[in-house]
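All remarks here apply to the structure that follows.
The values are calculated or read from the model by the stated rules, or taken from the named source; none is laboratory data. Keep in mind that what you see is a predicted model, and the values were worked out from it rather than measured. Note that each Cβ is placed from the backbone with ideal geometry, even for glycine, and that neighbours are counted across all protein chains shown.
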Amino acid sequence: MKTQELATKLAYLKRKDGWRLFRKVRYRVFGSIAHHYKLNRTLCEKTVAAFEAQYNVHLPADYRQFLINMGNGGAGPGYGILPIEKWCVDIAVHDHFLSTPFPHNRPWNMEMEFDMNDEHFYESPGYQFWETHYYDDDLLSGTMRISYQGGGVYYILVVCGEESGNIWVDDRANENGLYPLQYPASERVNFNEWYNNWLNESLSSLEHHHGTK
């Protein structure tokens with residue numbers, strides 16, 4: 001799936017659900033109320049290269065082309081694609097954060113070794129240990145946040161390590177840990193596949209909505 005094909009499909013989706021200039025009709029696709037199917041301005045090659053040099057990282061080719069040819073964030077899965085400058089929103093990072101290999105290659109979660117039935121469990125050493133390590137930002141080394149799904153859940157893009165180029169989900173807010181995004185026919189999903197799937201599912205939901213009227 002090439003970037004131009006994504007752009008064409010996005011324009012069609014916008015016409016189907018986003019043409020609301022003179023109509024008081026709610027957007028029907030989840031998250032579209034946040035981005036209105038608009039993309040931010042594109043980045044030039046020089047700006048993208050400067051980001052890569054600053055963090056000593058090579059961005060996945062499909063995501064890189066999205067930034068240069070479509071936009072620096074905007075319309076997309078969840079509440080939209082985050083602009084690149086917000087790659088570390090709400091997490092503490094260090095100079096080598098992006099160039100440190102992502103430490104996972106399979107779903108990760110952490111056992112709760114404390115008694116949830118104890119009304120004072122949050123004061124226990126077990127809970128204190130779990131909370132400190134479960135939400136350690138270094139678990140996300142080698143990734144950038146690219147979309148907010150709501151409820152504290154983020155889509156993240158791996159940019160360094162064995163999983164580089166793949167989309168993962170940070171679902172620790174619901175105590176579901178970190179896991180790779182998967183589709184029925186795909187154990188791993190790259191940026192373009194993820195974006196194209198969002199377009200296809202959005203268009204399908206609109207057609208279903210229209211067919212049930």
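Summary table
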quantity: Scope region 155-184; condition hydroxyl-bearing (S, T, Y) and out of contact with any Ser or Thr (no Cβ under 7 Å at 6 or more places or on another chain); matching residues; calculated: S164, Y179, Y183
quantity: Test: R15 is assigned to a helix (DSSP H, G or I), modelled with pLDDT under 95 and loosely packed, with under 12 Cβ neighbours inside 10 Å; calculated: yes
quantity: Any chance Y127 is assigned to a strand (DSSP E or B) and buried (at least 16 other Cβ atoms within 10 Å of the Cβ); calculated: no
quantity: Inter-residue pairs, beta-carbon under 6 Å, first more than 14 Å from G177 (Cβ to Cβ) and in region 96-117, second modelled with pLDDT under 85 and not in a loop (DSSP other than H, G, I, E, B), 6+ apart; calculated: E113/G126; F114/F121; F114/G126; F114/Y127; D115/F121
quantity: Qualifying residue in region 184-196 (condition: crowded, with 18+ Cβ neighbours inside 10 Å, modelled with pLDDT under 95 and among the hydrophobic types (A, V, I, L, M, F, W, C)); calculated: no
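Residues are listed down the side, and each one gets a yes or a no for (1) exposed (fewer than 12 other Cβ atoms within 10 Å of the Cβ); (2) at pLDDT below 95; (3) in contact with a helix residue (DSSP H, G or I) (Cβ under 7 Å, 6 or more places away or on another chain):
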site: R20; (1), (2), (3): no, yes, no
site: R23; (1), (2), (3): yes, yes, no
site: R26; (1), (2), (3): yes, yes, no
site: L39; (1), (2), (3): no, yes, no
site: E52; (1), (2), (3): no, no, no
site: Q65; (1), (2), (3): no, no, yes
site: I84; (1), (2), (3): no, no, yes
